């Protein structure tokens, strides 16, 4: 062993090398996603029309585009953490690494499309 | 683990327990989470991208789930009701998890009641959601 103190030698050596980071982030994003999804459900119920012009104009408002972007960030971070646990529970060989990398690609790729679409509508011309 | 010697005995797991609502809600939380993060997220992003793409691409998206007169078709109902039921179940079960995280609600009776309450909430909320949309 090294010459450091007992605490110095074990610090950061939890089972996942990162303590409660993952668990805590999952709880934080659970809370934020709860409020944002309730907002989305209420917004859908408040819509009187689901045609193109009506919905496009709706998403152009900053009061809609910003919470929608926050919803994507919060929910995608949350499901990225959740699916990681599912993969770690069922995949034990090398396929675990492949699945975790694919999960990151899926989350970031799909999230990028969502954010781009929201910004394109919000900053685009109105109808 | 992959390195486990197959001949060694393993300890009893879920197969030795009598099924109860708490076990059903537990696995439903994972199942609905899996559905929402794959089907749900793809649907949301498809909707956003189609709306950003213009009138034509939004019409393509909309036609998959609706008849020409605007009413939901079979796909629209199955996907719509399925995804809202999964959402409300995961939402209620998630709130229950946050309560359990504080160390509360582990007494047998309260735990069972809480589990049943999430099932009741998801069915009632889904029915209320679609009835309200249908009545407008």
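Of the residues B:121, B:129, the single one that is within 24 Å of residue A:46 (Cα to Cα), surrounded by 12 or more Cβ atoms within 10 Å (Cβ to Cβ) and within 11 Å of chain A (Cβ to nearest Cβ) is B:129. Criterion first (at pLDDT below 95 and either under 25 Å from residue B:111 (Cα atoms) or surrounded by 14 or more Cβ atoms within 10 Å (Cβ to Cβ) (or both)) does residue B:17 satisfy it? For residue B:17, the condition - at pLDDT below 95 and either under 25 Å from residue B:111 (Cα atoms) or surrounded by 14 or more Cβ atoms within 10 Å (Cβ to Cβ) (or both) - is met.
Where helices (runs of 4 or more DSSP H) sit wholly within segment A:49-127, those with at least 3 residues that are touching a residue at least 12 places away in the same chain (Cβ under 8 Å) and either in contact with a strand residue (DSSP E or B) (Cβ under 6 Å, 6 or more places away or on another chain) or under 23 Å from residue B:36 (Cα atoms) (or both) occupy A:62-90, A:95-123.
Filtered by the rule that a residue be facing another protein chain (nearest Cβ under 8 Å), surrounded by fewer than 15 Cβ atoms within 10 Å (Cβ to Cβ) and assigned to a helix (DSSP H, G or I), segment A:39-48 gives A:44, A:45.
Checked against (1) within 14 Å of another protein chain (Cβ to nearest Cβ); (2) surrounded by 12 or more Cβ atoms within 10 Å (Cβ to Cβ), residue B:105 passes all but condition (1). Residue selection: residue B:12 satisfies the criterion of being more than 9 Å from chain A (Cβ to nearest Cβ) and either surrounded by fewer than 14 Cβ atoms within 10 Å (Cβ to Cβ) or without any contact (Cβ under 8 Å) to a residue 60 or more places away in the chain (or both). With respect to the conditions (1) surrounded by fewer than 18 Cβ atoms within 10 Å (Cβ to Cβ); (2) more than 9 Å from chain B (Cβ to nearest Cβ); (3) in a helix (DSSP H, G or I), residue A:29 lacks only one, and its number is (1).
Of the residues B:72, B:87, B:24, B:44, the single one that is more than 10 Å from chain A (Cβ to nearest Cβ) and surrounded by 17 or more Cβ atoms within 10 Å (Cβ to Cβ) is B:72. Does segment B:37-58 contain any residue that is touching a residue at least 12 places away in the same chain (Cβ under 8 Å) and either more than 24 Å from residue A:59 (Cβ to Cβ) or touching a strand residue (DSSP E or B) at 6+ places or on another chain (Cβ under 6 Å) (or both)? No: segment B:37-58 contains no residue that is touching a residue at least 12 places away in the same chain (Cβ under 8 Å) and either more than 24 Å from residue A:59 (Cβ to Cβ) or touching a strand residue (DSSP E or B) at 6+ places or on another chain (Cβ under 6 Å) (or both). Just one residue in the set A:90, A:52, A:77 is surrounded by 13 or more Cβ atoms within 10 Å (Cβ to Cβ) and either more than 8 Å from every other protein chain (Cβ to nearest Cβ) or at pLDDT below 95 (or both); that residue is A:77.
The values are calculated or read from the model by the stated rules, or taken from the named source; none is laboratory data. On a predicted model such as this, the values are computed, not experimentally measured, just so you know. With ideal geometry, Cβ positions are generated from the backbone for all residues, glycine too; neighbour counts draw on all protein chains shown.
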